[in-house]
1. Can you tell me which of (1) within 22 Å of ALA59 (Cα to Cα); (2) in contact with a Pro (Cβ under 8 Å, 6 or more places away or on another chain) is the one TYR225 doesn't meet?
2. Show the residue pairs meeting these rules: Cβ distance below 6 Å; 6+ apart or different chains; first residue within the stretch 231-244 and farther than 19 Å from LEU3 by Cα; second residue modelled with pLDDT of 95 or more and assigned to a helix (DSSP H, G or I).
3. Residues SER243, SER191: which one is hydroxyl-bearing (Ser, Thr, Tyr), crowded, with 17+ Cβ neighbours inside 10 Å and in contact with a strand residue (DSSP E or B) (Cβ under 6 Å, 6 or more places away or on another chain)?
4. Given (1) within 27 Å of ALA5 (Cβ to Cβ); (2) in contact with a Pro (Cβ under 6 Å, 6 or more places away or on another chain); (3) hydrophobic (A, V, I, L, M, F, W, C), identify the lone condition not met by ALA170.
5. Answer yes or no as to whether LEU176 is modelled with pLDDT of 95 or more and in contact with a strand residue (DSSP E or B) (Cβ under 6 Å, 6 or more places away or on another chain).
6. Limited to the stretch 27-55, what total is found for residues that are within 16 Å of LYS15 (Cα to Cα) and touching a Lys or Arg at 6+ places or on another chain (Cβ under 9 Å)?
7. Considering only residues of the stretch 20-55 that are in a loop (DSSP other than H, G, I, E, B) and touching a Phe, Trp or Tyr at 6+ places or on another chain (Cβ under 9 Å), which is farthest from VAL226 (Cα to Cα)?
8. Restrict the check to the stretch 187-194 and report whether at least one residue is in contact with an Asp or Glu (Cβ under 8 Å, 6 or more places away or on another chain) and not polar (S, T, N, Q).
Amino acid sequence: MKLGAQLYTLREFCKDTKGLEEAICRVAKMGYVTVQLSGVCPYDPAWMKKVLDFYSLTADITHFAADKIANDTKKVIEHHDILSCKHIGIGSNPFGATPEGLEKLLAFLGPAPRLIKESGHRFMYHNHNAEFAKFGQKTYLELLCEAFDPLECGITFDAYWAQAAGCDPAHEIRRLAGRVDCVHLKDMVYSEKDKGVRMAPVGKGNMNYPEIIKACADAGVSLVYVEQDNCYESDPFDCLEQSYNYLKGMIHDT
């Protein structure tokens, strides 16, 4: 497995190419070996590839605009070819995580997932907690997986949001073996200040990360990214570094 940083965590620092390159530099110095390009400013893919190569990083997955994936599939594929980036993802269903929303998504995407597969890439879908709502006996995520060929739609599995939905992330990861190439990691902790849960650096909360990482290994996950959507009063760079320091031994050991 490769341990990476989801740049969405640093989105406030990536609003122009100067800030984006600086963020990439700092992530590389922490020890991360891959980044997910999401929530960053517009960039030229050839420039990005040079930056990544300079800092000895790869970009193995993106979150890309669904309308571009659907309507300009060839150009999106070419963009990812330049980056040597296999996975082309969306962050959620823009039509909602319901059976009706799924039908709309299928119609909207049309042949794009198949064309992406045929090009050697893989279309990816990222879950939140809503994907675990049940419709009859099946969750939306199960309905999504039934609707797509596994090679035409992988799951970018977010362990925190699965936990937030009342699921056991490790169990779900193992159930998705063969479809889950990439996993997002952040921790969950009770906040006395909020009188509710908060996101936290991995290892600073209450999720069972030794078992989650073991499940990732069991399921053949190739990429794990720290994605702390909200760092509250803390510096996002510090949060990423804390997560890296906790995870580096686990990822190396697997």
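1. Only one criterion in (1) within 22 Å of ALA59 (Cα to Cα); (2) in contact with a Pro (Cβ under 8 Å, 6 or more places away or on another chain) is unmet by TYR225, namely (2).
2. Partner pairs satisfying both residue conditions: CYS231/CYS239.
3. SER243
4. The single condition ALA170 does not satisfy is (2).
5. Judged against the criteria, LEU176 is a match.
6. Of the residues in that region, 4 qualify.
7. By that ranking, first place goes to VAL40.
8. The initial filter retains those residues of the stretch 187-194 that are in contact with an Asp or Glu (Cβ under 8 Å, 6 or more places away or on another chain), namely none.
No, the stretch 187-194 contains no residue that is in contact with an Asp or Glu (Cβ under 8 Å, 6 or more places away or on another chain) and not polar (S, T, N, Q).
The values are calculated or read from the model by the stated rules, or taken from the named source; none is laboratory data. Because the structure is predicted, anything quoted here is derived from the model rather than measured. Note: ideal-geometry Cβ built from the backbone for every residue, glycine included; neighbour counts use all protein chains shown.
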